[in-house]
Amino acid sequence: MPDLLLLTRGSIMADNKHKILIVGGGAAGLELATRLGRKLGKPGLAEVTLLNAVSTHIWKPLLHEVASGTLAEAEEIEYLAQAHRNHFLFRLGRMEGLNRAAKEIYVSPTVNEEGKVLIPRRIFEYDTLVMAVGSVSNTFGIKGVERYCMFIDTIAQAYRFQKQLVETYYVKSYAGENSLKDKPLSVVIVGAGATGVELAAELHQVTRLLATYGLENSDRVNITIIEAATQLLPALPPRLSAATQQQLIKLGIQLKLGRRVIEVTENAVLTHDGEVFDADLKVWAAGIKAPDWLRDLDGLEVSGNNQLLVDATLRTGDPDIFAIGDCAACKWAGHTGNVPPRAQAAHQMATALAQTLVNRLYGKPPVEFVYQDYGSLVSLGKYSTVGSLMGSLMGTVSVGGFIAYMVYLSLYKMHQVAIHGYFRTAMLTLSNIFRRSTHAKIKMH
Ligand SMILES: Cc1cc2nc3c(=O)[nH]c(=O)nc-3n(C[C@H](O)[C@H](O)[C@H](O)COP(=O)(O)OP(=O)(O)OC[C@H]3O[C@@H](n4cnc5c(N)ncnc54)[C@H](O)[C@@H]3O)c2cc1C
């Protein structure tokens, strides 16, 4: 519990409007805030506030492109501008605690890079609270992972990886004879889920682009993926996983399946069978969990990986607290497990909860959330896109090539439409096409 004497009230309006507080402005939270701002904030029916730990939003599935440098300019959205345009309030801050009896949350002091306190510790009051704080990488407590691996869960981490990648390239490229130049750059990615596989393909594309641009030795890169399971992309049908495997092998990416990582050191990754993989860069992409602090959130029940348990209306055990996106454990109707932590689930949850919260204000019953799985798609950069699409009429269909690429793209377009509307999304898409035709295809700074 924070020191109450240090707390200042973060609540903004003193009137009696119903206060909806959304914590986390990711794929789920930003879409929800935007919808509710338009529906309830604009006509003055409720005060909608979004609290987020950082000041800009990026759609997380783009992060592997930011990390590799192939997305030269990340499409970041300023929360303040988005809030102004869509009639909700944005507040910068990181939630750290909850008092359900008092209906308030605690927000840590906001500090700058030098550790100077910019905003003191605050309290925000709510009538309805929505938790949408996403997920973080799960290191499973393996020795050395936190210290020596890089992660790509946030934009800051993706930029850090990209910076280190560029610096390592320059060092290798300009090193003198008989020195580092003779030893190829080695990147080890732990985890052969969509993130690990997509990152490997993007990195491969980067090496080819740099060689085309004339950077010496830039194509001398060893990329290795280590995975504990015996199949990569376990979420996809075996046929697609096999096709992806062939494609990666064709690119020269080494796959070490059925190897459990037991330790990471400064220069290597060690597996259970005694193998040691030398690595200049090590990336951890071996699974996710909800943040640890959710385990102690004033008695709210959580799953084994810290997700807040919710019912079919996305409500936690507290009638005034809801959870959506990766941090919510919601039973998947007709299946044995929970709804998977994916962007399409976050999008659908935001849509359903927006309607529930509007209904709530009018005393109407909540909407039941039913997850529709439209399939899984994995992008191998410019090389290919593979996946399976699901439809009620066709059953499961395996797709690849251009169709798969267009469907993959449409997931992001759906997110953009939810937050910008159709017209602005079309304008953004056009301006991106023009910008990409004139800019370098890779970021080298
Ligand atoms: C590299 C990568 C590639 C991916 N590719 C795909 C894909 O192709 N398809 C797919 O379906 N899914 C993909 N995913 C998963 C997808 O991005 C997530 O399922 C989705 O973003 C979840 O949305 P969310 O809103 O729950 O969380 P997020 O989008 O992670 O948003 C959480 C937000 O909460 C904020 N926050 C966190 N803690 C606090 C706090 N204490 N206080 C205030 N704010 C806080 C964060 O700053 C963030 O803005 C990918 C993920 C990654 C990392």
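The values are calculated or read from the model by the stated rules, or taken from the named source; none is laboratory data. The structure presented is a predicted model; accordingly, all values stated were derived computationally and were not measured. Quick reminder, even Gly has a Cβ in these numbers, built from the backbone with ideal geometry, and neighbours come from all protein chains shown. Keep in mind that these areas ignore ligands, DNA and RNA; they rest on the heavy atoms of the full protein, side chains included. Shrake-Rupley method; radii C 1.70, N 1.55, O 1.52, S 1.80 Å.
What's the extension gain from ALA333 to LEU92 if we count 0.36 nm per residue and subtract their Cα-Cα distance? It would help to have the intermediate numbers written out before the result.
Numbers: separation 241, 0.36 × 241 = 86.76 nm, distance 3.57 nm.
Full extension of this stretch gives 83.2 nm more.
Of the whole protein surface, PHE88 contributes about 10 Å² of accessible area at a 1.4 Å probe radius. Note on GLU76 and ASN267: the extension gain reaches 65.5 nm, defined as 0.36 nm multiplied by sequence separation minus the Cα-Cα distance.
Mind scanning LYS17/LYS413; LYS172/LYS413; LYS143/LYS331; LYS17/LYS364 and naming the pairs with a C-alpha gap bigger than 27 Å?
Numbers: LYS17/LYS413 33 Å; LYS172/LYS413 38 Å; LYS143/LYS331 33 Å; LYS17/LYS364 18 Å.
As for pairs spanning more than 27 Å Cα to Cα, those are LYS17/LYS413; LYS172/LYS413; LYS143/LYS331.
With R₀ fixed at 41 Å, the C-beta to C-beta distance from ALA102 to THR230 puts the FRET efficiency at about 0.20. Here's how it looks for LEU89: its modeled amide H is under 5 Å from those of VAL48, THR49, LEU50, which are all 5 or more places away or on a different chain. Across the stretch 145-288, the relative contact order, built from alpha-carbon pairs under 8 Å that are at least six residues apart, equals 32 percent. Were the residues from ASP298 through ALA156 laid out at 0.36 nm apart, the gain over their Cα-Cα distance would be 48.1 nm.
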